[in-house]
Amino acid sequence: QVQLVESGGGLVQPGGSLRLSCLASGSISSIDAMGWYHQAPGKERELVATITSDGSINYADSSKGRFTISRDNAKNIVLLQMNSLKPEDTGVYYCTAVLKQYEYNTWRRYWGQGTQVTVSS
């Protein structure tokens with residue numbers, strides 16, 4: 001089994017910062033892309049940022065200049081540093097990874113359970 005477990009969410013004031021962390025664990029042989037998605041209340045889940053195993057990064061326009069994604073390939077961890085947070089950043093942040101398990105020779109996407117971020121004064 002594979003698990004993606006997020007941490008680091010919480011309540012923060014506008015202009016504040018949070019750092020989200022996601023650990024992928026289980027019977028993993030290889031991980032390609034890892035990333036973060038955001039689901040605001042009543043809205044669709046949307047891309048925040050992704051990073052591949054070789055370090056190629058893609059940010060949503062709303063994330064550029066405020067958020068920084070990074071990963072530790074050796075530990076199967078992806079981080080999201082969020083600065084200058086706005087009320088519209090409120091919602092659930094989901095970690096995702098495209099990976100292979102030892103048991104299956106196919107790439108599959110997995111999702112974490114999500115971590116709540118609330119930006120409010």
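The values are calculated or read from the model by the stated rules, or taken from the named source; none is laboratory data. In this text, all values refer to a predicted model and were calculated from it rather than measured experimentally. With ideal geometry, Cβ positions are generated from the backbone for all residues, glycine too; neighbour counts draw on all protein chains shown. Just so you know, the surface numbers come from the protein's heavy atoms only, side chains and all, with ligands and any DNA or RNA stripped out. Shrake-Rupley method; radii C 1.70, N 1.55, O 1.52, S 1.80 Å.
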- Starting from residues that are within 16 Å of Gln39 (Cβ to Cβ) and within 12 Å of the chain's Cα centre (by Cα), keep the ones in the stretch 90-102 and report whichever is surrounded by the fewest Cβ atoms within 10 Å (Cβ to Cβ). Val92
- Message: Conditions first: (1) modelled with pLDDT under 95; (2) of a type outside the set (Ser, Thr, Tyr); (3) out of contact with any Ser or Thr (no Cβ under 7 Å at 6 or more places or on another chain). Glu103 passes all but one, so which condition is the exception?
- Response: (3)
- Query: Ser120: over 12 Å from the mean Cα position of the chain (by Cα), open to solvent by 50 Å² or more (accessible area, probe 1.4 Å) and modelled with pLDDT of 95 or more, yes or no?
  - Reply: yes
- Query: If the Cβ limit is 6 Å and pairs must be 6+ apart or interchain, which residue in the stretch 7-32 that is farther than 28 Å from Ser84 by Cβ and surrounded by fewer than 16 Cβ atoms within 10 Å (Cβ to Cβ) pairs with which residue that is of a type in the set (D, E, K, R) and modelled with pLDDT of 95 or more?
  - Reply: Ser29/Lys100; Ser30/Lys100
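Quick grid of which residues meet (1) surrounded by 15 or more Cβ atoms within 10 Å (Cβ to Cβ); (2) not basic (Lys, Arg):
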residue	(1), (2)
Asp72	no, yes
Leu85	yes, yes
Glu88	no, yes
Tyr104	no, yes
Arg109	no, no
- How many of the residues making up the stretch 54-70 are basic (Lys, Arg) and surrounded by fewer than 15 Cβ atoms within 10 Å (Cβ to Cβ)? 1
